[in-house]
Amino acid sequence: DAGVTQSPTHLIKTRGQQVTLRCSPKSGHDTVSWYQQALGQGPQFIFQYYEEEERQRGNFPDRFSGHQFPNYSSELNVNALLLGDSALYLCASSLDRGGYNEQFFGPGTRLTVL
Amino acid sequence: LAKTTQPISMDSYEGQEVNITCSHNNIATNDYITWYQQFPSQGPRFIIQGYKTKVTNEVASLFIPADRKSSTLSLPRVSLSDTAVYYCLVAPISSGSARQLTFGSGTQLTVLP
């Protein structure tokens, strides 16, 4: 049983560019959350997708957007990249009806903005 | 969401028991306490969760006093591979509603040989 997978593993972009990160949730999971983790900090919640809709959003600008597909996989899009967007982007999946705070995290995508 | 406070770092030696305490003075009645572990360049991994008294699994134990204003993660007989950042989180459990995990800065545990 594959866990959460993310692609790509590493990415280098320049300021002003746009980036798309991808996530496949753990088998059987229907909810996907995205987190940003800056160096030396804990992960910060960006947003969560359930039933192909954004259900909750953290304190991130509209440059950060996402999508969830019918197979529950998800994409995170970031427009007009800033140097401060350099971070590890983590995807986590969970089961909505689980009634539990266990989320399964992927290995992350390391984004570097030059 | 309840705020948590935990030590920035801790050192231990192989084979010792390690206790990491987390303070959450404004925990709500329906909040649960959850601990995650994170190795470098990996996503966090769920360790244990509890509401009150004591919870034990194959990895760790979680002790929660009656007032629930703090909790202690106990790792028995640590090894070098337990070197990681440990996060304490407080959040309600509610099926069918959005759940965001709020991470603090965590505790960097370093296990020495």
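The values are calculated or read from the model by the stated rules, or taken from the named source; none is laboratory data. The shown structure was predicted, so the numbers you read here are calculated from the model rather than taken from an experiment. As a convention, Cβ positions derive from the backbone with ideal geometry for all residues, glycine included, and neighbour counts pool all protein chains shown.
Summary table below
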quantity: Candidate set: the range A:93-110, residues that are more than 7 Å from chain B (Cβ to nearest Cβ) and crowded, with 21+ Cβ neighbours inside 10 Å; chosen: the one modelled with the highest pLDDT; calculated: A:Thr109
quantity: Any hit, the range B:24-33, residues being among the β-branched types (Val, Ile, Thr), within 19 Å of A:Gln44 (Cβ to Cβ) and either surrounded by 13 or more Cβ atoms within 10 Å (Cβ to Cβ) or more than 10 Å from chain A (Cβ to nearest Cβ) (or both); calculated: no
quantity: Residue match in the range A:9-19 (condition: exposed (fewer than 15 other Cβ atoms within 10 Å of the Cβ), closer than 13 Å to A:Leu88 by Cα and more than 14 Å from chain B (Cβ to nearest Cβ)); calculated: yes
quantity: Qualifying positions in the range A:38-78 - over 16 Å from A:Gly106 (Cα atoms), buried (at least 16 other Cβ atoms within 10 Å of the Cβ) and either among the aliphatic types (A, V, I, L, M) or touching a His at 6+ places or on another chain (Cβ under 7 Å) (or both); calculated: A:Val78
quantity: Evaluation of B:Thr53 against (1) closer than 23 Å to A:Arg57 by Cβ; (2) surrounded by fewer than 19 Cβ atoms within 10 Å (Cβ to Cβ) (one fails), failing number; calculated: (1)
quantity: Pick from the range A:21-47, criterion assigned to a strand (DSSP E or B) and over 13 Å from A:Ser73 (Cα atoms), ranking: farthest from the other protein chains (Cβ to nearest Cβ); calculated: A:Gln36
quantity: Criterion: away from every other protein chain (no Cβ under 14 Å) and touching a residue at least 40 places away in the same chain (Cβ under 8 Å) - qualifying residue of A:Glu52, A:Glu75; calculated: A:Glu75
quantity: Unique match (being assigned to a loop (DSSP other than H, G, I, E, B) and either under 19 Å from B:Gly43 (Cβ atoms) or not β-branched (Val, Ile, Thr) (or both)) among A:Ala92, A:Ala2; calculated: A:Ala2
quantity: Wholly enclosed strands (runs of 3 or more DSSP E) of the range B:18-113 bearing at least 3 residues within 15 Å of the chain's Cα centre (by Cα), touching a residue at least 60 places away in the same chain (Cβ under 8 Å) and over 23 Å from A:Gly108 (Cβ atoms); calculated: B:18-23
quantity: Total residues in the range A:69-89, condition in a strand (DSSP E or B) and more than 11 Å from the chain's Cα centre (by Cα); calculated: 1
quantity: Residue satisfying all of: in the range B:11-38; aliphatic (A, V, I, L, M) and modelled with pLDDT under 95; farthest from B:Thr72 (Cα to Cα) among these; calculated: B:Ala28
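Residues checked against (1) among the polar types (S, T, N, Q); (2) within 14 Å of another protein chain (Cβ to nearest Cβ); (3) loosely packed, with under 15 Cβ neighbours inside 10 Å; (4) in contact with a strand residue (DSSP E or B) (Cβ under 8 Å, 6 or more places away or on another chain):
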{"position": "B:Asn57", "(1), (2), (3), (4)": "yes, yes, yes, yes"}
{"position": "B:Leu62", "(1), (2), (3), (4)": "no, yes, no, yes"}
{"position": "B:Arg68", "(1), (2), (3), (4)": "no, no, no, yes"}
{"position": "B:Val85", "(1), (2), (3), (4)": "no, yes, no, yes"}
{"position": "B:Ile93", "(1), (2), (3), (4)": "no, yes, no, yes"}
